[in-house]
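Notes to accompany the following structure.
The values are calculated or read from the model by the stated rules, or taken from the named source; none is laboratory data. Fair warning: this is a prediction, and the values are worked out from it, not measured in the lab. Cβ atoms come from the backbone with ideal geometry, glycine included; neighbour counts cover every protein chain shown. The area values use the complete protein model at the heavy-atom level, side chains included, leaving out ligands, DNA and RNA. Shrake-Rupley method; radii C 1.70, N 1.55, O 1.52, S 1.80 Å.
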Amino acid sequence: MCCALIVLAAGISTIASGHAYAANAFNVGYVAIVVAVAARITLQLRLGQSRYTQSLTDTAIMLGLMVLDWAWLVISVAVAVIVARTIARARPRRIAFNSAKDVVTVAVAACVGSLVGLGQPFEVTAAHIPALLVVAAAMLLTSEVLTALNRALTDGQSIRGAVTNNCCFRIGSAIVRLLIAIFAGYFLDFDLRIAVATPLALAGFQLAYANHVQQKTDRLTWQRLAKISDDLSASDGDSVHRSTVIAAAELFACDEVDLELPIAGGGRWLLRGTPTSITYAGPPDGAPATRGMLVGAALESHESGLTSPGELRLRFGTPVVFSEREHYTLRAVASALGTAIRKASAVSEAARMAIDHAHAATHDEITGLSNRRHLLETGAAIASRESVGLVVLYLNQFRQINGALGQPIGDSVLQAIADRLAELLPSDGDDLVARLASAEFAVLLGDVSSPSEALARTRTLVAAISTPIDVGTLRLEISATAGIAVGGGDDGAIDELLRRAEVAMYQAKDQGQAISLYVRNRDTADADRLALTADLARAVAERQFTVAFQPIVDLTTGMVLSAEALARWYHPQRGHLAPHRFLDSIERSGLLAPFTSHVLDQALAGARSWRAAGFDFPVAVNVSPRSLLDPAFPESIPRALAANDLPPQALTIELTETLTLSELEIVDEVLGALREMGVSLALDDFGTGFSSLATIARVPVDELKIDRTFVSGLDGAAQAAIVRSTIELGRSLDLLVVAEGIENVEQRERLWRLGCAAGQGHLFARPMNGALLIARLREGHEGVAGRLVAPMHSSGDVIRLPAARRPSIGRHSATQPPKLRTRPDTGDSRSALPE
């Protein structure tokens, strides 16, 4: 500032003494106008942490040096800059600095011009171009040094940093402006047209350049924002937070980024980082102290009733001014992060629920031991490779204790016995303890060499149970009755071993013994099974098996979408037999292929008959995993379809969760062949086995079917949670979800509100033969063919759908209902074809 005042004083003194080059009023006015226009038209841009204001005063000064003596130019520049900046309502401090900088720049340029022989005013010929370039370089250096000193003093930056930060951008634009000034001065020669066009051209250049810089900045910003959004969409859990912190620090060129989030229990969690790394993660109270300017945005939540999940804050070491566009970009990042956090939270919650459901489906709620299903699934792998013993233990006095002392005491007794049994098993073996029922436990004894060894280990288990149990102030004594079955290898079907152990346990109770070994010739149930197995070959040969069909309906409209094929066997002497009476025998016999072919033909014949009657919907058949292990199985499907003149879309093959991952390795080729020919795949009894998610991840199924046990238990919290999560999983994966066993209107209404698309059960129709099904379809409901029950809402009123019912984009639509698959009727959750 002092230097500028000295230069002004010298200029005024030079003019007053008559030593200044004479200047007419037009020249002085012209230069003042050009300088004022150049000072008024500015380009404001934030690069990194610094905001730059670029004007054309350096260009105007270069033109002024070609028109006026330095003394007149100093006064003209000072007055013009002060007037223009004042009109623009700039801060007094900035007005003073800009006018002083420009005055000093004029003085330096005039001195350098004199040294290189340009005279006063500058001579502009081709020979003087090199000298003009030297003057331009001196002007540029002076302006940059003064600007850097000012930024270092006001913003706290180092002089070196103020000079080097974005220097290429600043110097490059200044060189272009000065070259324009030299070019204009070369042709100026006080031609009125050139004189008028020059400021207009300078203004046009500044506006065009500002637009170019803004477009380039915006394009780079949106590219980075799009990359952040993509990274957030592909991230989950903690990686979402870390990706955002680093990306935001780079996008906004700030010193640090803070991401503060609420955590479970009401606390807060802070993540802090720079463009290169995470510097702190932990409670906000424990974060290192910081200084600087903060610009923040709440992580937006677009769902009504939900509070913001946190806040994103940018920290700058020096004061910055955020433009409206930068504020919008920050809000966009915060919104994308909020969405990503909610998505990651939903995925984590779904994974947690899946783990909880898998554990609940395979473990006893009271004791935490394996349940019957887990015992069968785990024991099958063990029994296939070694000899095992299976012990069923019945607690003789438990029902009396539970009834007389109450369920809490009973649960304590069960937990104590579970702990004792678990402590007796080696930690490094294949032994397993399970709770089968209210008063029954089972123990799988791995690598048992003989029945005598199993008997000795069982005595130890029974003795442990007989030790008195202390529950509070009570000392309870309880005894156990045990049944033992030993097998393995080819004779190691775990479900059969369990049945034999239960038979032995009941034999021990009948005879008043503590322990009983299974003896085949005393197993009347086994003899009956053998006799029934002998009749299977004739039943298959004489085609004694029939198929009934149970419709599956759209829960919203009541229209039939599919039919489930249910296998039946009417035995000539025994009458109607439940499927579980013969399915296991077929599974173990050599009759599986002809039995499957017979049931498949009848199911497809039914589909052909109702298609001929004008009802085009598919039928599905449950297929045993053993059939899928046969590479020739896919070849039988197109033959059966062709024989009934049906397209592949008329059939759905239903898979059960008994498919283990090892079996999936083998059946990949079979399933791929079925999908290629157009046959759909469905997963039955979803949620009842721990392999559910693994199966979905591996097998490209089209449908999920909720087991009837969960539908009947909708009033229970655990069952309702499983049903809800299954429906949400189906919607997220674009799979059709069908609920089994719907028996009343309340169940239908609740499932519909949860978003379930289809269902079946006695509420709609019981299993029936094909002819009766066609008759029911023609009769319809209230004169609408194909409808079995009234729609959910038929009054004509406008119904506001619950959130779960709102349509999602996917391959299923109301005009093209998805195919549903069916499975044989068992009276329970078992399939008609062997599993």
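On the basis of being of a type in the set (Gly, Ala, Ser), at pLDDT 85 or above and farther than 30 Å from Phe764 by Cβ, does Ser479 make the cut?
When the stated conditions are applied, Ser479 passes them.
Can you tell me which residue in segment 333-365 is farthest from Ser732 (Cα to Cα), limited to those that are touching a residue at least 24 places away in the same chain (Cβ under 8 Å) and touching a strand residue (DSSP E or B) at 6+ places or on another chain (Cβ under 9 Å)?
Selected residue: Asp364.
Which residues, taken from segment 314-330, are modelled with pLDDT of 75 or more, surrounded by 15 or more Cβ atoms within 10 Å (Cβ to Cβ) and over 11 Å from Phe252 (Cα atoms)?
Scanning segment 314-330 gives no hits.
Could you please let me know if Ala464 is more than 26 Å from Glu377 (Cα to Cα) and touching a Lys or Arg at 6+ places or on another chain (Cβ under 7 Å)? Steps first, answer last, please.
Working: more than 26 Å from Glu377 (Cα to Cα): yes; touching a Lys or Arg at 6+ places or on another chain (Cβ under 7 Å): yes.
Judged against the criteria, Ala464 is a match.
Within segment 661-692, how many residues are among the hydrophobic types (A, V, I, L, M, F, W, C), farther than 30 Å from Val711 by Cα and at pLDDT 80 or above?
From segment 661-692, those among the hydrophobic types (A, V, I, L, M, F, W, C) are 661, 664, 666-667, 670-671, 673-674, 677, 679, 681-683, 686, 690; that's our starting set.
Still in the running and farther than 30 Å from Val711 by Cα: 666-667, 670, 673-674, 677.
Still in the running and at pLDDT 80 or above: 670, 673-674, 677.
Counting residues in segment 661-692 that are among the hydrophobic types (A, V, I, L, M, F, W, C), farther than 30 Å from Val711 by Cα and at pLDDT 80 or above gives 4.
Which condition number in (1) modelled with pLDDT under 75; (2) open to solvent by 50 Å² or more (accessible area, probe 1.4 Å) is the one that Arg291 fails?
Unmet condition: (1).
Output the residues belonging to segment 377-395 that are buried (at least 16 other Cβ atoms within 10 Å of the Cβ) and farther than 17 Å from Asp364 by Cα. It would help to see each step written out before you state the result.
Pass one, segment 377-395, residues buried (at least 16 other Cβ atoms within 10 Å of the Cβ): 377-380, 382-383, 387-395.
Ala380, Ile382, Ala383, Ser387, Val388, Gly389, Leu390, Val391, listed by residue number.
Just to be sure I understand the filter: pairs with C-beta atoms under 6 Å, separated by 6 or more residues or on different chains, first member in segment 434-452 and in contact (Cβ under 8 Å) with a residue 60 or more places away in the chain, second member in a loop (DSSP other than H, G, I, E, B) and small (Gly, Ala, Ser). Which pairs pass?
Every condition considered, the pairs that remain are Gly446/Gly429.
Count, please, the residues in segment 744-759 that happen to be under 14 Å from Arg708 (Cα atoms) and basic (Lys, Arg).
1
If Ser387 meets every condition in (1) over 27 Å from Arg500 (Cβ atoms); (2) touching a residue at least 24 places away in the same chain (Cβ under 8 Å); (3) not aliphatic (A, V, I, L, M) apart from one, which number is that one?
(1)
Of everything in segment 603-624, what is in a strand (DSSP E or B) and either open to solvent by 10 Å² or more (accessible area, probe 1.4 Å) or among the aliphatic types (A, V, I, L, M) (or both)? Give them in sequence order. Quick ask: steps written out before the conclusion?
Applying the first criterion (in a strand (DSSP E or B)) to segment 603-624 yields 619-622.
Listed by number, the residues that qualify are Val619, Ala620, Val621.
When you scan segment 398-492 for helices (runs of 4 or more DSSP H) that lie fully inside it, which ones turn up with 2 or more residues that are over 23 Å from Lys509 (Cα atoms), touching a Leu at 6+ places or on another chain (Cβ under 7 Å) and open to solvent by 10 Å² or more (accessible area, probe 1.4 Å)? Give the steps one after another, and end with the answer.
Values: elements: 398-405, 407-423, 451-466.
The helices (runs of 4 or more DSSP H) meeting that bar number zero.
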